[in-house]
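The values are calculated or read from the model by the stated rules, or taken from the named source; none is laboratory data. Model, not experiment: these values are computed from the prediction. As a convention, Cβ positions derive from the backbone with ideal geometry for all residues, glycine included, and neighbour counts pool all protein chains shown. Heads up: the accessible areas ignore ligands, DNA and RNA and are worked out on the full protein's heavy atoms, side chains in. Shrake-Rupley method; radii C 1.70, N 1.55, O 1.52, S 1.80 Å.
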Amino acid sequence: MPQKFYITTAIHYVNDIPHIGHMYENIVADVIARHRRRMGDDVWFLTGTDEHGQKIERAAAKEGVLPIELADRVVAHYHELWKKLNITHNDFIRTTEARHRVGVLEMIRRIQERIPDDIYLGEHSGWYCQNEETFIPENQVRDRKDDSGHPVEWTTEKNFFFKLSRYGERLLAHYRAHPEFVFPETRLNEVRSFVEQGLKDLSISRTSITWGIPWPGYPDHVVYVWLDALTNYISALGFGSGDDKSFRRWWPTDMHLIGKDIVRFHAVYWPAFLMAAGVELPKRVVCHGWLLRDNQKISKSLGNVVRPYNIIDDFGADPLRYYLLRDIVFGQDQNYSDEAFLSRYNADLANDLGNTLSRAIKMSESYFGGKTPPVPCDDSELLRAAQMLVPEYFTEMDDLAFHRALEVVWKLLVAINGYIVGSEPWKHFKEHGADESLSRVIWNTLEALRIVCVMVAPFMPTAMREALGRIGADPDDIDRQAFEWGGLPNGAPVRVAEPLFPRVDAAVYIGGTMSNPPIETTQAVPPDLTKISIDQFKEIDLRVGEIRAAEKVEKSKKLIKLSVFDGESERTMVAGIATKYTPEELVGRKVVIVANLQPATLMGVESNGMVLAASIGGEPSLIAVDSSVPAGTKVK
Ligand code: MSP
């Protein structure tokens, strides 16, 4: 029976362009949405942007633009990025849209109408955190900072209040009756203990800012940004618009996917607002962990943002999608690093998946004239492996244990490789030609690979479509039946092509083309992602260096260890230029170097800087400098 499945992500602030944490959330939501769709569910996937409030007002003021101008610009980045990452959302809501305002006003109206004193005018003093746009309980404030280290200010405001204190018992009863309401359980415990400590009424309007939805009848108040933002999940469905078709179809949501930092808003405040308004509660609030850098949450306010746009450009979206879902245990925090990405890419994708596909396709090409073999097979160890692993995969997907679901798929890949080695098709072909028995072996291999591709499809949709086409299967083959053994046609053309995931020399990639992902802290919103500012350029210390000594790095085909005089001292640098230059011809040469790169260790040698070279089809060509220019001269 097809079910409806309404999934939402948090709506993202527009004070800055998206970073890896935002990408992670939408990629996870997309994997879930794609998986549900192919299981036959009717899916509605909502994402969007949170555009009101002090954060945005301040960021815009800092830039000297109107908040809406800032929002428009940042939203364009979101649209572009979600497209690049192949996010298949059905709707994108902005809280500055009229349909949203209508929904928020309806929410307030319903609360006031149902229980008139649930909203009252009152005065409130407390520690206010501008970053989180919320009052922080006294016991969480230390040295005028909140738990996350954001500054707090003692603030008194005359505001509208919501009688949250009235909802503690009902919330606790709801958690008891629906332990699945918050996932994972640790977050439910956290929320429960917060509620058990006693809930205070919540101030839900602001007079200190103007960038928001005006409070009905009180134009000097705007609606508190969280009441405003949370309502997006229903305003996007036409709540309050007079046309409640979508709302009736999709609400309550089957899954709010959010980061663990905003669980209180989603599992305490939001259900309380909904109870007060007489609206059904969400079925599930699912929390993911944080992407960290050096064990700290990646966030704009901490200034440690990672935006691996270069990885998306160089590899496409799929490898990043795979890495994030495979490396992170869903629900837990994890450091992001380019190195970890590259090692997964090379090991899992280039080697395990890519090579196995190429191998199987090449065998079909050589033994069966570029077609899938003529005889299918319904009895083999691969069939048994697939029949055992596919249900495991489903269980892991249902449990949101994506890394384990992928581990299960890789078990099938291991089985496929073992099967190829054990059956020695090359030997069989030499001895007996392309007979029925060889046909069965190659067909089994391709069929098991087809099932691998189908399982991986929600994670790497583009690459798996391509792979299915290459092995002679239907690229649209992503529905539930496709998991059953026997889907691969006989005699369908296979396609030998460039590797799906070409291996990357991690040492050269990290040391050369990419360096570390850019950290952008200076500008609230760079006007164009593809360009850097003059200040950013000036941060690069480019100088002329003189190569004083050179030797090949042991066991490396590409790397040469150089001793380069930078005008002040000699430093060791490693360059991936050995395919073009011998150590002897390098000594005495003047080159352009990046002198202020963080050291990187390449094949066990610490490199302090980078030598610039043009790359012609991967072949390096050093940037020439006139020999009369002294070492140390600045290049600008
Ligand atoms: N605007 C609020 C959400 C309102 S929902 C009604 C907000 N915005 S945010 O831009 O700060 O965060 C959006 C989502 O991204 C949140 O779920 C948040 O947890 C997630 N992430 C932001 N930084 C993150 C990491 N470093 N790692 C993983 N996800 C994190 O909160």
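Take the conditions (1) within 36 Å of the chain's Cα centre (by Cα); (2) outside any strand (DSSP E or B); (3) at pLDDT below 90; Val625 misses just one of them, which is (1). Reported count of residues in segment 132-166, each being assigned to a loop (DSSP other than H, G, I, E, B) and either open to solvent by 20 Å² or more (accessible area, probe 1.4 Å) or at pLDDT 85 or above (or both), is 11. Among all positions in segment 189-196, there is at least one residue which is open to solvent by 10 Å² or more (accessible area, probe 1.4 Å), within 16 Å of the ligand (Cβ to nearest atom) and part of a helix (DSSP H, G or I). In segment 228-238, which residue that is crowded, with 24+ Cβ neighbours inside 10 Å and closer than 12 Å to Glu106 by Cβ is nearest to the ligand (Cβ to nearest atom)? Among those residues, the one meeting the criterion is Thr231.
Of the set (1) touching a His at 6+ places or on another chain (Cβ under 7 Å); (2) of a type in the set (Gly, Ala, Ser); (3) open to solvent by less than 10 Å² (accessible area, probe 1.4 Å); (4) within 15 Å of the ligand (Cβ to nearest atom), all apply to Ser205 but (4).
Does segment 214-227 hold any residues that are away from the ligand (no atom under 14 Å from the Cβ), open to solvent by less than 20 Å² (accessible area, probe 1.4 Å) and out of contact with any Gly (no Cβ under 7 Å at 6 or more places or on another chain), and which are they? Within segment 214-227, Trp215, His221 meet the criteria. Going by what's in this entry, would Arg192 be described as modelled with pLDDT of 95 or more and in contact with a Cys (Cβ under 7 Å, 6 or more places away or on another chain)? Against the criterion (modelled with pLDDT of 95 or more and in contact with a Cys (Cβ under 7 Å, 6 or more places away or on another chain)), Arg192 does not qualify. Answer with yes or no whether Thr134 is β-branched (Val, Ile, Thr), out of contact with any helix residue (DSSP H, G or I) (no Cβ under 9 Å at 6 or more places or on another chain) and in the same structural domain as Asp228 (by TED's automatic domain parsing). In short, no. Residues that are open to solvent by 30 Å² or more (accessible area, probe 1.4 Å), away from the ligand (no atom under 16 Å from the Cβ) and outside the structural domain of Pro461 (by TED's automatic domain parsing) do occur in segment 265-281, at least one of them.
Every test in (1) closer than 19 Å to Arg543 by Cβ; (2) at pLDDT below 95; (3) under 39 Å from the mean Cα position of the chain (by Cα) is passed by Asp566 save one, and that test is (3).
Only one of the numbered conditions (1) crowded, with 22+ Cβ neighbours inside 10 Å; (2) within 15 Å of the ligand (Cβ to nearest atom); (3) outside any loop (DSSP other than H, G, I, E, B) is violated by Pro319, and that is (2). For segment 270-288, state whether one or more residues are small (Gly, Ala, Ser) and under 17 Å from the mean Cα position of the chain (by Cα). No. The sole residue among Asp348, Asp314, Asp352 that is assigned to a helix (DSSP H, G or I), away from the ligand (no atom under 15 Å from the Cβ), open to solvent by 10 Å² or more (accessible area, probe 1.4 Å) and farther than 24 Å from Tyr419 by Cα is Asp314.
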